[in-house]
Amino acid sequence: MKTLLVTGYRAHELGIFDQKHKGIVYIKKAIEARIVPLVEEGLEWVLTPGQYGVDLWACEVIIGLKKRYPHLKLSIVSAYLHPEEKWKEDKQNYYRDILKDVDYYGAVSKQPYHGVWQLKARDDLLLRKSDGILLFYDEDAGEASPKYFKQIALRKQEEEGYRYLSITAEDVQSIADEEQRSLLDTY
């Protein structure tokens, strides 16, 4: 696999409303744990829609991994121009800081938000340009925005051999529990 799409929950879908939430650390560790073996097998590009949540946390992970794996490239493909404009200032600054370290940034539609068709066009492009997906989504936690990606990716897996990888809330909780056990063992 040369190109991986990474996406999942928006921050608010996880009850996360700022960058100080303790769960972000564990989500990023879960993403890294899934991506490192792929990079070592030849992964070259990570694509993401760049929405506030899993997408941008994955960008942070990739930016960090680029120090160890300089061949690794990162791309954000948004649905429309300036998706961050309506975000709070701290989130806008966070997004713009990440943009400084991406290898490619583009918007599918060269205009501001006009409709759902822009999001669908972006998602179709990202799925078409990638060999597989790493999706943070847990149906047991209830339906949310990543549901569409899961349905399409599983169909592509069946029809084209598209690779479907997932991270669940249980995976993230397992990492958090392991860290807590390690901390207790050091005392």
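Counting each pair of different Cα atoms once, what's the Kirkwood radius of segment 55-117 in Å, rounded to one decimal?
12.7 Å
Return the ratio Rg/(2.2 N^0.38 Å) for the chain, where Rg is computed over Cα atoms only.
In units of the globular-protein estimate, the chain measures up at 1.01.
For residue 44, what accessible surface area do you get with a 1.4 Å probe? Give it in Å², rounded to 10.
Here the residue's solvent-accessible area equals roughly 80 Å².
Could you sort 40, 84, 13, 139 by their accessible area in this structure, using a 1.4 Å probe and putting the largest first?
Solvent-accessible surface, decreasing: 40, 139, 13, 84.
Using a 1.4 angstrom probe on the protein heavy atoms only, line up 65, 119 by accessible area, largest first.
The ordering from most to least exposed comes out as 119, 65.
How large is the accessible surface of residue 184 in square angstrom, using a 1.4 angstrom probe and rounding to the nearest 10?
The accessible area of residue 184 comes to roughly 130 Å².
Beta carbons within 10 angstrom, averaged per residue: use that to sort the peptides 1-8, 95-102, highest first.
1-8, 95-102
Would you please name the chymotrypsin sites (Phe, Trp or Tyr not before Pro) within segment 15-59 that are DSSP coil residues with at most 13 other C-beta atoms within 10 Å of their C-beta?
17
The values are calculated or read from the model by the stated rules, or taken from the named source; none is laboratory data. Model, not experiment: these values are computed from the prediction. Every residue, glycine as well, gets a Cβ built from its backbone with ideal geometry; the counts of neighbours run over all protein chains shown. Accessible surface is based on the protein model in full, side chains and every heavy atom, while ligands, DNA and RNA are left aside. Shrake-Rupley method; radii C 1.70, N 1.55, O 1.52, S 1.80 Å.
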